[in-house]
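Attaching a single structure in structure tokens format; questions to follow.
The values are calculated or read from the model by the stated rules, or taken from the named source; none is laboratory data. These figures come from a predicted structure and were not determined experimentally. Here the Cβ positions follow ideal geometry from the backbone for every residue, glycine too, while neighbour counts run over all protein chains shown.
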Amino acid sequence: MKATVTVMLKNGVLDPQGEAVRRALGSLGFEGVHGVRQGKVIELDLTAADRAAAETEVRAMCEKLLANTVIESYRIEIA
Amino acid sequence: MKAAVVVFPGSNCDRDLAVALRNAGAEVTMAWHKDDALPPGTDLVAVPGGFSFGDYLRCGAIAARSPIGTAVQAHARRGGYVLGVCNGFQVLTEMGLLPGALMRNAGLKFICREAALRVATTNSAFTEGYEAGQEVRFPVAHHDGNYFADDETLARLRDEDRVAFTYASSLNGSVEDIAGVLSANRRVLGLMPHPERAADPGHGGTDGLALFRGLVGQLAAA
């Protein structure tokens, strides 16, 4: 079973890197980009066969290590 | 007074911190990240600057969860003293021993220069050797020193007088120019600037001496 975790800065937390990317896009002539938020994607290969158990496990991983919930939010997709 | 300086793969200020503590009168032992216990009788744990575990995932994230990290957290929960400088500050926030988080500098650049700071509180073993509001100069060298905490946390830090140092002028985007914060029991300090790099006349400044002397003096007396 595979899990994909997307970690993003929380809304309201300024993302200086995303902002730099937005300005760079503008300077390349891509107009109409109002905002850019940059995050990270973490792919996990799991031995778990049960979907619900895998999700519970990955959620614990996010809370303990994969995301810093002071500044980041996460989204889990199990496939 | 016994101090343990924690060493992670990628730490690079561990020796500087050990020298500063030793010169202030502490008995210093180095503690490797794989150790699951601190040296017996440790009064102070010092978490040095550097790039622990290559800054992988987030600065300080892996170090915070290493075997020695667990021992450091237990030491702090028992009321032990902990000092985290630069990457050490990031490690302490990742451990949850200090509130907030250190994010990428607002200007996105690595900042490596001397910075003027203000001593925001003298009510701690770390800062009692300074005058309130005193301006000190410590070198800074970081890419992720942009301190963030939500409004509620900031209000608590203010109310409890837990901001230890602020930048005299805006440096890296830190909220309220915060450079260092204390734990609720005032025994854990994390700061981005490097007092250990301003602790010998050869460094070009000695403003960091009062921090190490005050701390070692307090703990030796305790």
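Please pick out the residue among A:Glu43, A:Glu63 that is under 16 Å from the mean Cα position of the chain (by Cα), within 13 Å of chain B (Cβ to nearest Cβ), modelled with pLDDT of 95 or more and outside any loop (DSSP other than H, G, I, E, B).
Every option except A:Glu63 fails the conditions.
Of the residues A:Val33, A:Val5, A:Val13, A:Val70, which single one is in a loop (DSSP other than H, G, I, E, B) and more than 11 Å from chain B (Cβ to nearest Cβ)?
A:Val33
Now for a different question. Test B:Ala184 against the stated conditions and say whether it is assigned to a strand (DSSP E or B), aliphatic (A, V, I, L, M) and at pLDDT 95 or above.
So B:Ala184 does not fit the description; no.
So which residues in segment B:70-101 are part of a helix (DSSP H, G or I), in contact (Cβ under 8 Å) with a residue 40 or more places away in the chain and within 13 Å of chain A (Cβ to nearest Cβ)?
Answer for segment B:70-101, where residues must be part of a helix (DSSP H, G or I), in contact (Cβ under 8 Å) with a residue 40 or more places away in the chain and within 13 Å of chain A (Cβ to nearest Cβ): B:Gln90, B:Val91, B:Leu92, B:Thr93.
Identify all residues within segment B:205-222 that are touching a residue at least 60 places away in the same chain (Cβ under 8 Å) and either closer than 16 Å to B:Val140 by Cβ or not in a helix (DSSP H, G or I) (or both); write none if there are none.
Within segment B:205-222, B:Gly205, B:Asp207, B:Gly208, B:Leu211, B:Ala222 qualify.
Among (1) within 14 Å of chain A (Cβ to nearest Cβ); (2) charged (D, E, K, R); (3) under 28 Å from B:Arg22 (Cβ atoms), there is one condition B:Asp151 misses while meeting the rest; what is its number?
Exception for B:Asp151: condition (3).
Now for a different question. Could you go through segment B:46-64 and let me know if any residue there is among the basic types (Lys, Arg) and either under 25 Å from B:His142 (Cα atoms) or within 17 Å of the chain's Cα centre (by Cα) (or both).
For segment B:46-64, residues among the basic types (Lys, Arg) and either under 25 Å from B:His142 (Cα atoms) or within 17 Å of the chain's Cα centre (by Cα) (or both): present.
Got a number for residues in segment A:11-45 being surrounded by 14 or more Cβ atoms within 10 Å (Cβ to Cβ), in contact (Cβ under 8 Å) with a residue 12 or more places away in the chain and under 24 Å from A:Leu65 (Cβ atoms)?
So the count comes out to 10.
Continuing with this model, one more query. Residue check: is B:Glu114 part of a strand (DSSP E or B), out of contact with any Asp or Glu (no Cβ under 8 Å at 6 or more places or on another chain), among the acidic types (Asp, Glu) and more than 18 Å from B:Gly84 (Cα to Cα)?
When the stated conditions are applied, B:Glu114 passes them.
Let me ask something else. For segment B:158-181, which positions are of a type in the set (Lys, Arg) and assigned to a helix (DSSP H, G or I)?
Correct list: B:Arg158 only.
Suppose the filter is free of Cβ contacts under 8 Å to residues at least 60 places away in the same chain, in a strand (DSSP E or B) and buried (at least 16 other Cβ atoms within 10 Å of the Cβ); does A:Ile76 pass it?
Against the criterion (free of Cβ contacts under 8 Å to residues at least 60 places away in the same chain, in a strand (DSSP E or B) and buried (at least 16 other Cβ atoms within 10 Å of the Cβ)), A:Ile76 does not qualify.
With the requirement that a residue be among the small types (Gly, Ala, Ser), farther than 15 Å from B:Gly205 by Cβ and either surrounded by 17 or more Cβ atoms within 10 Å (Cβ to Cβ) or more than 14 Å from every other protein chain (Cβ to nearest Cβ) (or both), what does segment B:104-128 give you?
B:Ala120, B:Ser124, B:Ala125
Right, another one. Would you mention how many residues in segment B:45-69 are part of a helix (DSSP H, G or I) and surrounded by 19 or more Cβ atoms within 10 Å (Cβ to Cβ)?
Residues that pass the stated criteria total 8.
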